[in-house]
Amino acid sequence: MGEARSAPTVGQIVLGMRLRDLREKAGVTFEEAAKALHVNQTTVRRMEKAEVGLKLPYVEKLLRTYGVPDDEVGPFLELAGEANQPGWWHRFRDVLPDWFSLYVSLEGAASLIRTYEPHFVPGLLQTADYARALLRVGFPHASEEELDRRVELRLERQQLLTGPDAPRLWAIVDETVVRRPVGDADVMRAQIDRLIESLELSNVTLQIVPFSSGPHPGMFGPFHLFRFRVPELPDVVYNEGLTSASYLDERADVAAYLEALDRMGTQAVPAPRTGAFLGDLRKEL
């Protein structure tokens, strides 16, 4: 049926959902769809969940089985072909684990990214030197060449914020993030300068939760929430561990994280005052 993937692209996820909706609208069962393709039901289910590649002959057969008009089949197949193309990050697969490939895909498709970081500057706002210092700790056995690749990937992701259809980034970080030394003093000064510069972007909001605000709802760890322009995709929350990650899209789960972000926003320094907060900190370095 196709090569299994642990990290489908957003395009494949969306088309899988559309295939499911078309099947359900047509009143076709998994068994009937599988019979049309001469495969088992599991294959159809995996196509709808984007767990396998969308082979165009199979997609076309399903569309016709579902009664999709001829003038709509061609455009759907064109989208399927585009969705099957590897993303730009595919060339970094030597340093990009499958479980983080999906993150990069979601990040690139999002219209809104809300993130909370208690430990370090969000990747989309890091300088190259700051990123290298972090990655050297996170990958202590990596060669300089591997670190170069990881830094390059991080910097390429950052182009998202200034490209066409750039998403809105709303980041909340603990005061620890801007006070914890990463690299030497020059690295930290440059990183604080970068954060101050980022505030000039109309699509970037940065808030800092000061020590004085006390405990807050995000103290369990970092997380990221993505919202998309594509109506089929629900909001997705990303949680990362040392060697894996989880992706949550159940409405109740997402609502809990949204509430935590909103509550933290009220405890954080108001966004218009972030620049002054960082400027005062910069003088201490």
Of all residues making up the stretch 34-74, the number that are open to solvent by less than 10 Å² (accessible area, probe 1.4 Å) and out of contact with any Phe, Trp or Tyr (no Cβ under 9 Å at 6 or more places or on another chain): 6
Qualifying residue in the stretch 251-258 (condition: outside any strand (DSSP E or B), within 18 Å of residue 174 (Cα to Cα) and open to solvent by 30 Å² or more (accessible area, probe 1.4 Å)): yes
Cβ pairs under 7 Å, 6+ apart, first in the stretch 176-188 and at positive phi, second among the aromatic types (Phe, Trp, Tyr): 183/130
Qualifying residue in the stretch 208-218 (condition: within 17 Å of the chain's Cα centre (by Cα) and on the phi < 0 side of the Ramachandran plot): no
Residue 127, sole failed condition from (1) hydroxyl-bearing (Ser, Thr, Tyr); (2) buried (at least 20 other Cβ atoms within 10 Å of the Cβ); (3) without any contact (Cβ under 8 Å) to a residue 12 or more places away in the chain: (3)
Candidate set: the stretch 170-216, residues that are open to solvent by less than 30 Å² (accessible area, probe 1.4 Å) and touching a Pro at 6+ places or on another chain (Cβ under 8 Å); chosen: the one farthest from residue 284 (Cα to Cα): 203
Pick from the stretch 223-250, criterion in a loop (DSSP other than H, G, I, E, B) and surrounded by 18 or more Cβ atoms within 10 Å (Cβ to Cβ), ranking: modelled with the highest pLDDT: 235
Whichever residue in the stretch 5-50 is part of a loop (DSSP other than H, G, I, E, B) and of a type in the set (D, E, K, R) and, among such residues, is modelled with the lowest pLDDT: 5
Sole residue being open to solvent by 30 Å² or more (accessible area, probe 1.4 Å) and under 28 Å from residue 111 (Cβ atoms), chosen from 31, 78: 78
Where residue 276 falls short, out of the listed (1) open to solvent by less than 70 Å² (accessible area, probe 1.4 Å); (2) more than 22 Å from residue 178 (Cα to Cα): (2)
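The values are calculated or read from the model by the stated rules, or taken from the named source; none is laboratory data. Predicted model only: the values in this text are computed from it and were never measured. Note that we place each Cβ from the backbone using ideal geometry, even for glycine, and neighbour counts take in every protein chain shown. Protein only, heavy atoms only, side chains kept; ligands, DNA and RNA dropped before computing areas. Shrake-Rupley method; radii C 1.70, N 1.55, O 1.52, S 1.80 Å.
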